[in-house]
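Step one of this worksheet: look at the structure below.
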Amino acid sequence: MSNEAYKRTLSDFHPGQEFEHWPHKTITESDNNQFCMLTMNHHPLHSDVEYAARQQHGKIVVVGTYVLSLAVGMSVPDISGACIANLEFEKITHHHPVFIGDTIRARTRIVEVKLSKTKPDRGVVTVITKAYNQNGDTVLSLRRKILIPKELP
């Protein structure tokens, strides 16, 4: 990925535009365990093989906030590399469970681009990002608003 992607300004985004993010990520047991420890999410569904075996999916389910963070992180080079701030995360939906060994990929569609009402040097880009597993199942979707500069300094 070229560092040019990190320099996208408001005029580089248009409604309907789509970005397929790369690279993809295969989730390891270590990834899931570390994220659970960092965020203090100690639910046994995410870390206890015996407990998880007795639950709906019969195996450990990757913690959903990790999948969310992964999808957003994958989008940074293409979408928010030059952003001033993430303004809002909304409508986060977990469509399908994610398991250890799944490979996640993400795609983002630009929904709206508008100039700021109060600061003419920036604007708000609204996007929908979707994450998919290796089988093409949608595992997560979210809508987010990002504050993007009109021009780079």
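Where a number appears in this text, it was derived from the coordinates with a stated rule and is not lab data. Quick caveat: nothing in here was measured; it's all calculated off a predicted structure. Quick reminder, even Gly has a Cβ in these numbers, built from the backbone with ideal geometry, and neighbours come from all protein chains shown.
Observations on the structure shown:
- Summing charges over all other residues whose Cβ lies under 11 Å from the Cβ of Y66, with Lys and Arg as +1 and Asp and Glu as -1, gives 0.
- Among D78, D12, D102, the residue with the largest mean-square fluctuation in a Gaussian network model of the chain, with springs joining Cα atoms closer than 10 Å, is D12.
- Entry note, the chain: the mean residue ellipticity at 222 nm calculated from DSSP H runs of n ≥ 4, each adding -39500 (n - 2.57), is -5000 deg cm²/dmol after division by the residues and rounding to the nearest 500.
- Across K130/K150; K7/K91; K117/K150; K119/K150; K25/K145, pairs whose alpha-carbon gap is larger than 18 Å: K130/K150; K7/K91; K25/K145
- Neighbour-limited loop hits for trypsin sites (Lys or Arg not before Pro), segment 100-135 (at most 16 other Cβ within 10 Å; DSSP other than H, G, I, E, B): K117
- Mean Cα-pair separation over length for segment 3-149, i.e. relative contact order, pairs under 8 Å, 6 or more apart, %: 32 percent
- Aspartates and glutamates whose Cα lies under 19 Å from that of K114, excluding same-chain neighbours fewer than 8 positions away: D12, E18, D78, E88, E90, E151
- Rg(Cα)/(2.2 N^0.38 Å) for the chain, N = residue count: 1.16
- Of the chymotrypsin sites (Phe, Trp or Tyr not before Pro) found in segment 81-136, none is in coil by DSSP with at most 12 other Cβ atoms within 10 Å of its Cβ.
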